Amino acid sequence: MKQAIKIGLIGGVVEILLSLIGMVEAFSQRDIVAHIISMGHTLLFIVALFMGYLAAKRTPRTGSLQILSNSFISGLIVGGLVSLLVIVGSLINLRKVFVNAMPVLYELLTFKQGTQIGVFLLLGAGALSGALAGLFFLSPKLIRRVLLISLGSIVGAGVLQDLLRPTFALWGPLAIINEWLFTANGLTIQGAIGLFLLISAFSLFWFRKGAAIQTGFQQLPPAPQRILKMTGILILVFILLILPRVLGLFLSEVLTIVGLYVLLGLGLNIVVGYAGLLDLGYVAFFAIGSYTVAVLTSPELGFFSLSFWQALPLVIVMGVFSGVLLGTPVLKMRGDYLAIATLGFGEIIRILVLSDFLRPWLGGAQGIGKIPKAFIGGFEFAGPQQIYYLILAGCLLVIFISLRLRDSRLGRAWMAVREDEDVAQAMGINLVATKLLAFATGAGFSALSGAIFASKLGSVYPHSFNVMISINIVCVIIVGGMGNIPGVIVGAIALVGLPELLREFAEYRLFVYGAALVAMMLLRPEGLWPEAVHRRELHEEEGDGEGSESPPESKPD
Amino acid sequence: MLKRWKKRITPTDVVMWLIGGAILVLIFWGSIATLATGTYTGHHWFDFIIFGLAQGSIYALIAMGYTMVYGILRMINFAHSEVFMCGPYTAYYVAAAFYSSGFLDQYPIVSLIMIFLVSMATSTLVAVLLERIAYRPLRTAPRLIPLITAIGASFFLQYTFRGFYGSGFQAYPVVQILEGEITFWGFRILKFQAVVIAAAAILMAALYSFVQRTRLGKAIRAVSEDKETSALMGIDIDRMIVTTFVIGGMSAGAAGVLYALMFKQVHFFMGFIPGIKAFTAAVLGGIGNIPGAMLGGIFLGLVESVGPSLFLDGLGIVAPYQLKDAIAFTMLVLVLIFRPTGILGERLTVKKA
């Protein structure tokens, strides 16, 4: 009871926060199901449902009536707090302080029914969603999972409608799906119901038969198993190759951005993930790569005017060199000190590039323009659909190198340094060489990414290289799962790709990002797709062999 | 003897000394060249120093929060810059209300105190919530995790306040009694700078004596020395940590109002740069060390304000003032390399560093 009230209060505060920062309002512009429910309302319902579920889960006694009443109460309190906001808002003008407390917000919160009726509606809606969450908690596991997946996919389809609609439209026969599933804003009703049934049937089938299929695969003799795996890889490669043709211009642009972050992430993964050196100034090498290409190729400054491919080896050399140069001073530092010193380096590089002092060489605040595109024969890497292949090639190369390095003697030395520097040194690992090699390799990858970035944009500006990029990359690695290559890719898609797709909510992007980071660290610190060792390490105290509690995420990538 | 000495010097050390020596020579040469040309008169230098002192004492107040939290939890509270931002941003609405009703001009002292109180209360509230929600569950986690959490919390707070109050700059109302200048033995000081320096000095003295003299302060010091032992001595660790965050929040809130009075505007992103500078100051002074943070802050403020004209102008660098942040960060890196314990810091054991 006490727990339920507490959880309800937290939920209510969260909903008020979401309303006052304007998220509910902005999200209401997009309907999940046309004219039935908007994204803003979905957001509020999800919070209320989650709190109801939490209240049910935290109930000490297992009587179902007790559980139901607790989740009911917490839902009611969530509704109550929001209606309190509505009442206060109707009495006092909150807009003087909170810019987003507009009349539209109250209309949304009261379902356009005016304050008096709206308050009761709110209480009812809160209590209802609490009770639903309680029922959900009490239902069998199979039903819970099926419901979660199918409802989740409806919300997903609604949220990503702008992405799905043009993609379907590109494919002649699939265009019919559009008419059936989508209206101009939101899913159609029959589409939503159809999707729900389809996904439920499919997931039901998978939960029943999936295990059998997997064991069937494992029981096959090795030869056909390998053939199956190879076909899988071939299909993956084929999909990767035709992706930009299929997805169109905008999505290819998003892909290239994700690809650049994957490149950066893989580079930093060597420094942070393998060698355990937290580098918060990684953007410095990205900037050095970009600026080296710019200075070497751009006719605007007119020093060299090389082509992209002539410049590329020099860029990598420059990156490696700067990695050693900036790595040397920080060799003896550990942990937080290292993080802050590297952050300082990153800022120093940006400020130097921005300054008027180096303007004759680096262009100052106006940057450097007219960077030529890369050519292979007659093929120009002009737009995102062509640059994509350049980035893909870079990613594959870097993945290959990372994998080989990880299993090499050097990789093992890095991991030894990560686990315990002193022990590693006592075992005869040369700390200076090992650490410098980590910095140099990471910097080389980053410079490669920077070179592609410069050639993609055709110009470089100092403002593209602020400290947020470094922090973003660190977050990509950590969210994805430190030290793990697929994890980096998943992290880049989740943290860079998704926000790019939801551009119209750009204002709330970093808000969600921050909340997600905190939640992630509190609930799943090993990342979405962790490396086995790291995962075990973080869950040590909970006892071994608890892997069954949270199965590894099977995110499609 | 010489042989043993030789053995202990590694090539990295030599490289470091060379870099350090080169920078020292540059600073020396630049200063002499500047002074020789005589571009700046004594009054210029005096203005630079006063500005540096004012700015530095604000850094010092913020640095207090960083250094105390680091001392007790061994974590960089990256979100402290947002604790610093939210106070004056919230107090802006109080100040604006006072200004439009004329209360500010009638009773300037009372309104200033009110503004300070609101700002300090908001910052303290945010700091305590931050500790409770984001940091407390992570006490025993590996070190990277609280740092990432703090970065996440920093984004979250920034954009929460952006959502609350909007994304524009808000101009702080002008307080009439803080305008104009006062003259001391022929030197003119802008009034608000004098007020900033005086207020910061009073606050720092109060804080220092609180930590050194009172029982609570003693308990905090004990916890930051050794958590387990102080728990055995009957000190409530959680309470001490919360108290630390309260003190950090209060000083950040006060520093925020001083900052707003000095630069006359608030913005949701205003915390970032002062935050990093204050952290630099804390490291400069020796992290975990309260007088060190004060000294480091003032030193950093002075170097930032005097440095560009003194060191760089003489080297013939165009627009040296653009490079003041670079000077601050170079100082940070140099201190971390050559004296990682900071100016006043005691020797850190491996566990602490």
Open item on the list: Checking the structure you have, find out if any residue of the stretch B:289-308 is among the small types (Gly, Ala, Ser), buried (at least 20 other Cβ atoms within 10 Å of the Cβ), in a helix (DSSP H, G or I) and touching a His at 6+ places or on another chain (Cβ under 8 Å).
Closed with: no
TODO: Name every residue in the stretch A:433-460 that is modelled with pLDDT of 85 or more and either part of a loop (DSSP other than H, G, I, E, B) or more than 27 Å from A:ALA382 (Cβ to Cβ) (or both), in order of residue number.
DONE: A:ALA433, A:THR434, A:LYS435, A:LEU436, A:LEU437, A:ALA438, A:PHE439, A:ALA440, A:THR441, A:GLY442, A:ALA443
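Residue-by-condition table, conditions (1) within 27 Å of the chain's Cα centre (by Cα); (2) surrounded by 11 or more Cβ atoms within 10 Å (Cβ to Cβ); (3) polar (S, T, N, Q):
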residue: A:ALA201; (1), (2), (3): no, yes, no
residue: A:LYS209; (1), (2), (3): no, yes, no
residue: A:ILE213; (1), (2), (3): no, no, no
residue: A:ILE227; (1), (2), (3): no, yes, no
residue: A:GLY232; (1), (2), (3): yes, no, no
residue: A:ARG245; (1), (2), (3): yes, yes, no
residue: A:LEU249; (1), (2), (3): yes, yes, no
residue: A:SER252; (1), (2), (3): yes, yes, yes
Open item on the list: Give all pairs with beta carbons closer than 7 Å in which a residue from the stretch A:410-425 that is part of a helix (DSSP H, G or I) meets a residue that is among the β-branched types (Val, Ile, Thr); count only pairs at least 6 apart in sequence or on separate chains.
Closed with: A:ALA413/A:ILE429; A:ALA413/A:THR434; A:TRP414/A:THR434; A:ALA416/A:ILE429; A:VAL417/A:ILE429; A:VAL417/A:THR434; A:ALA424/A:VAL417
Open item on the list: Tally up the residues in the stretch A:94-125 that are surrounded by 15 or more Cβ atoms within 10 Å (Cβ to Cβ), in contact with a helix residue (DSSP H, G or I) (Cβ under 8 Å, 6 or more places away or on another chain), farther than 30 Å from B:ALA97 by Cα and of a type in the set (A, V, I, L, M, F, W, C), please.
Closed with: 4
Task: Residue among B:GLN170, B:GLN265 that is surrounded by 14 or more Cβ atoms within 10 Å (Cβ to Cβ) and either farther than 19 Å from B:PRO88 by Cα or touching a helix residue (DSSP H, G or I) at 6+ places or on another chain (Cβ under 7 Å) (or both) - done: B:GLN170
- [ ] Could you please let me know if A:ASN70 is surrounded by fewer than 22 Cβ atoms within 10 Å (Cβ to Cβ) and touching a Gly at 6+ places or on another chain (Cβ under 8 Å)?
- [x] no
Task: Residues of the stretch A:306-337 satisfying the condition of being part of a helix (DSSP H, G or I) and within 9 Å of another protein chain (Cβ to nearest Cβ) - done: A:THR328, A:PRO329, A:VAL330, A:GLY335, A:ASP336, A:TYR337
Task: Filter result (touching a residue at least 40 places away in the same chain (Cβ under 8 Å) and more than 15 Å from B:ASP236 (Cβ to Cβ)) within the stretch B:204-226 - done: B:MET204, B:LEU207, B:TYR208, B:VAL211
Open item on the list: Being touching a strand residue (DSSP E or B) at 6+ places or on another chain (Cβ under 9 Å) and either among the hydroxyl-bearing types (Ser, Thr, Tyr) or free of Cβ contacts under 8 Å to residues at least 24 places away in the same chain (or both) is the filter here; which residues of the stretch A:445-471 pass it?
Closed with: A:SER459, A:TYR461
- [ ] Mind telling me which of the residues A:LEU301, A:LEU362, A:LEU354 ends up being farther than 30 Å from B:MET75 by Cα, of a type outside the set (Asp, Glu) and away from every other protein chain (no Cβ under 14 Å)?
- [x] A:LEU301
Open item on the list: For a quick check of your reading: which helices (runs of 4 or more DSSP H) sit entirely within the stretch B:71-162 and have at least 2 residues that are crowded, with 24+ Cβ neighbours inside 10 Å and either touching a Cys at 6+ places or on another chain (Cβ under 7 Å) or at pLDDT 85 or above (or both)?
Closed with: B:80-101, B:108-130
Task: Check on A:ILE189, closer than 20 Å to A:MET39 by Cα and out of contact with any helix residue (DSSP H, G or I) (no Cβ under 8 Å at 6 or more places or on another chain) - done: yes
Open item on the list: Checking the structure you have, find out if any residue of the stretch A:168-186 is under 28 Å from the mean Cα position of the chain (by Cα), exposed (fewer than 10 other Cβ atoms within 10 Å of the Cβ) and either on the phi < 0 side of the Ramachandran plot or not β-branched (Val, Ile, Thr) (or both).
Closed with: yes
TODO: Please name all residue pairs, on different chains or six or more residues apart, with Cβ atoms under 6 Å, provided the first residue is in the stretch B:99-114 and is free of Cβ contacts under 8 Å to residues at least 40 places away in the same chain and the second residue is polar (S, T, N, Q) and part of a helix (DSSP H, G or I).
DONE: B:PHE103/B:SER111
- [ ] Kindly state which helices (runs of 4 or more DSSP H) lie completely within the stretch B:190-246 and contain at least 2 residues that are under 28 Å from B:TYR59 (Cβ atoms).
- [x] B:191-213, B:215-225
Task: Selection within the stretch A:344-358 - out of contact with any Phe, Trp or Tyr (no Cβ under 8 Å at 6 or more places or on another chain) and under 17 Å from A:SER464 (Cβ atoms) - done: A:LEU352, A:LEU354, A:SER355, A:LEU358
Task: Selection from the stretch B:327-342 of residues that are surrounded by fewer than 21 Cβ atoms within 10 Å (Cβ to Cβ), within 17 Å of B:VAL306 (Cβ to Cβ) and within 8 Å of chain A (Cβ to nearest Cβ) - done: B:THR330
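The values are calculated or read from the model by the stated rules, or taken from the named source; none is laboratory data. Just so it is clear, the model here is predicted, and its values are computed rather than measured. Counting neighbours? That spans all protein chains shown, and the Cβs are built from the backbone with ideal geometry, glycine included.
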